[in-house]
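Below: the structure, in structure tokens.
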Amino acid sequence: MKLAVDVALLLPEKINDLVIELNQKFDSLSKLNKENNLPHITLAMGVIDESEIELVNNKIKEICDEFGSLNLKIEEVYHIIKPNGKKSFAFRIKLTDELKKLHGTIMKELSTIFTYDVSIDMFNQDDEVDPISTFWVENYEKKHENPDNFHAHISLKCNNDVIYDDIPIEFKASKVALCHLGDHCTCRRVLGLVELN
């Protein structure tokens, strides 16, 4: 069985609480929570076979052994226009050298495993999956061939315009997870978890 997956930085409690609060306040497209729809910062996306979960988790652990906890900063609320013409709101994360290096290393080390031929049935089926979800996975490798194209962010999954001015916010991230993706590329199920040193 093929799975659409995300390698993601999970967030500390105070940032989770803020993201979930805004997600609910501005009419959630997908209801974020701390159990099975996790706020996160995507480091890589792709498709793996279910039999490769252990292999991928071992590679992630090897990579993370070389990194310490990351000091990160939320710089602003911003949005992009999705292929369906709707806005997608997120917190922009300042791209530090360490964050850029972690992303680039994960992409490089998983390049022989990840594929990008993705279909709806590879996503978590607990919710109906919008076909647009496949767009982000199938284009991830091509978009990030150059590590400078990495735009670290925390998606807020809101239908309405998000207003939040109490920024910048500094925080520390220390957990990297392999997650099965759900509707709109949410982190629906943790398949592996590693602590940064």
Every residue from the range 164-185 that is in contact (Cβ under 8 Å) with a residue 60 or more places away in the chain and more than 12 Å from Leu10 (Cα to Cα): Tyr164, Ile167, Pro168, Ile169, Glu170, His180, Leu181, Gly182, Asp183, His184, Cys185
Yes/no for Leu156 being open to solvent by less than 70 Å² (accessible area, probe 1.4 Å), modelled with pLDDT of 95 or more and touching a Cys at 6+ places or on another chain (Cβ under 8 Å): no
Some residue of the range 146-159 being over 16 Å from the mean Cα position of the chain (by Cα), in contact (Cβ under 8 Å) with a residue 60 or more places away in the chain and under 29 Å from Phe26 (Cα atoms): yes
Met1 vs. criteria open to solvent by 60 Å² or more (accessible area, probe 1.4 Å) and of a type in the set (A, V, I, L, M): yes
Conditions (1) over 20 Å from Ser133 (Cβ atoms); (2) under 16 Å from the mean Cα position of the chain (by Cα); (3) not aliphatic (A, V, I, L, M): number failed by Lys31: (1)
Matching option when the condition is under 16 Å from Lys59 (Cα atoms), surrounded by 14 or more Cβ atoms within 10 Å (Cβ to Cβ) and touching a residue at least 24 places away in the same chain (Cβ under 8 Å), among Thr105, Thr96: Thr105
Condition met for Tyr140 (hydroxyl-bearing (Ser, Thr, Tyr), over 16 Å from Ile63 (Cα atoms) and touching a Leu at 6+ places or on another chain (Cβ under 8 Å)): no
So Asn58, is it open to solvent by 50 Å² or more (accessible area, probe 1.4 Å), at pLDDT 95 or above, over 21 Å from Val137 (Cβ atoms) and assigned to a strand (DSSP E or B): no
Of all residues making up the range 18-37, the number that are more than 21 Å from Leu178 (Cα to Cα), assigned to a helix (DSSP H, G or I) and open to solvent by less than 100 Å² (accessible area, probe 1.4 Å): 3
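The values are calculated or read from the model by the stated rules, or taken from the named source; none is laboratory data. Just so it is clear, the structure is predicted and the values come from calculations on it, not from any experiment. For neighbour counting, all protein chains shown are included, and Cβ atoms are generated from backbone atoms with ideal geometry for every residue, glycine included. The area values use the complete protein model at the heavy-atom level, side chains included, leaving out ligands, DNA and RNA. Shrake-Rupley method; radii C 1.70, N 1.55, O 1.52, S 1.80 Å.
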